[in-house]
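Comments concern the structure below.
The values are calculated or read from the model by the stated rules, or taken from the named source; none is laboratory data. Nothing here was measured: the structure is a model prediction, and the numbers come from that model. Counting neighbours? That spans all protein chains shown, and the Cβs are built from the backbone with ideal geometry, glycine included. These area figures cover heavy atoms from the full protein model, side chains too; ligands, DNA and RNA do not enter into them. Shrake-Rupley method; radii C 1.70, N 1.55, O 1.52, S 1.80 Å.
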Amino acid sequence: MNQAPIGRHIPGLPADRAALCVALDMKDPVRAADLLRGLSGHVDMAKVGMELFYAMGRAGWATVMEAGLPVFLDLKLHDIPHTVARAVESLLSLDPPPAIINVHAAGGPAMMRAAAEAVAGRCRVIAVTLLTALDAADLAAIGFDPSLTPRDLVLRLATLAREAGLDGVVCSPHEVAAIRTELGHDFLTIVPGIRPAGAAIGDQKRIATPETAQAAGADILVVGRPIVQAADPAMAARGIIENLKEAFT
Ligand code: C5P
C-alpha cells in the first residue's frame, strides 16, 4: 500500500516511517510536560484533547509546548460555520499555534470550508468522520440511512472533507487503506486504535499494530496508554519507532 512519509506534509516529521504521536490523555499540564520531557527524541508529536485543554486552558498551553513538539489539538469543533471559523482563529492565536486541528465532518461542507478558510494554510485542519464508538445500531438510531455501512459513511464524509479543502481525516486502522485508495496519497490519515503486539487492548475495539497501520498507509499513529502507562514510556516509544523503521518499505 502507500507508505509515503509524513515528512512531505509537515516539516520536522520523519521521512522514513509513519510519525508517532503520543496522546496526552490527562488533566495536568505539568504532568504532561514531564512526560514529554522524558519522551524527548522518542516521539514526533503530541495530541492534546478536550480533557487536557479544557482543564489547563491557554495558561497550561505554554507548559505543554515547552517540549517543542508539534501538537495535534484534538477538540473536534462542530458548530455553525461562522462560530467554527471564529473558534479556529482563537486556536491559531495560541502561542505557538497547533500544527493540526480538527472539526467534525458531520458539521457539513459549509462548516468545513469555513474552517479551512479561517486556517488559510497556517496549520493542517482535518476531519473526524464517524466516531469509532458508534456502531450500526447507533447510526440507525440517529437516523442515518441503514443501507449505508459505517465504512460507506466514513468514505462519504472523508470525500466531503477533501472537497471542502481539508487536509485529511482521523480514521481507524481498518479504514486507512480504503481512504488511501479513494482519496489518494496527499490526504493525511491520522490513526488511533494502535496497539503494539502484546500491549493491553483496553477499551479499543478496532485495533492494529503500528507496523500494520503504517503498511496500510497511515501517516500519523496516535498512541496513548501503551506509552503513557508503560513502566518506561521512552522505551515503549523507542520500541514502536524501531519497529516502524524496520517495517517501512
Ligand atoms: O490510550 P489509547 O492509545 O487508546 O488512546 C487513543 C487516543 O486516540 C485517545 O486520545 C482517544 O481519545 C483518541 N481517539 C480514539 N479513537 C477515535 C478518535 C480518537 O481512540 N476514533
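What the table below lists for this structure:
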item: Shape call, the stretch 84-184: gyration tensor on alpha carbons, a/c limit 1.5; result: prolate
item: Percent carbon-and-sulfur accessible area, the chain, ignoring ligands, DNA and RNA, probe 1.4 Å; result: 54
item: Mean Cβ count within 10 Å, highest first, over the residues of peptides 114-122, 219-227; result: 219-227, 114-122
item: Surrounding net charge for ASN243, when Lys and Arg each add one and Asp and Glu each subtract one, Cβ distance under 11 Å; result: 0
item: The chain: proportion of alpha-carbon pairs further apart than 27 angstrom, %; result: 32
item: ³J(HN,Hα) computed for each position of the stretch 98-112 - Karplus, 6.51 cos²θ - 1.76 cosθ + 1.60, integer Hz, glycine/proline x; result: x, 7, 9, 10, 9, 9, 7, 4, 5, x, x, x, 5, 5, 5
item: Note, ³J(HN,Hα) from phi for the stretch 138-146, Karplus 6.51, -1.76, 1.60, rounded to Hz, x at Gly and Pro; result: 5, 5, 5, 4, 5, x, 5, 4, x
item: Relative contact order of the chain, pairs being alpha-carbon contacts under 8 Å that are 6 or more residues apart, as %; result: 22
item: Normalised contact order of the stretch 130-249, rounded percent, pairs of Cα under 8 Å and 6 or more residues apart; result: 19
item: Cα pair count fraction exceeding 26 Å, expressed as % - the stretch 123-249; result: 26
item: Span from the the stretch 180-249 Cα centroid across to the the stretch 22-42 one, whole angstrom; result: 18
item: Full-stretch length increase - ALA136, ARG58 - with 0.36 nm per residue and alpha-carbon distance subtracted; result: 24.3 nm
item: Whole-Hz ³J(HN,Hα) from phi, Karplus 6.51 cos²θ - 1.76 cosθ + 1.60, for the stretch 49-60, glycine and proline x; result: x, 4, 4, 6, 5, 5, 6, 9, x, 5, 4, x
item: Estimated FRET transfer efficiency when R0 is 25 angstrom, pair GLU242-ASP34 (beta carbons, to 0.05); result: 0.55
item: Net length gained if the chain between ASP232 and LYS205 were fully extended (0.36 nm per residue, minus Cα distance); result: 7.2 nm
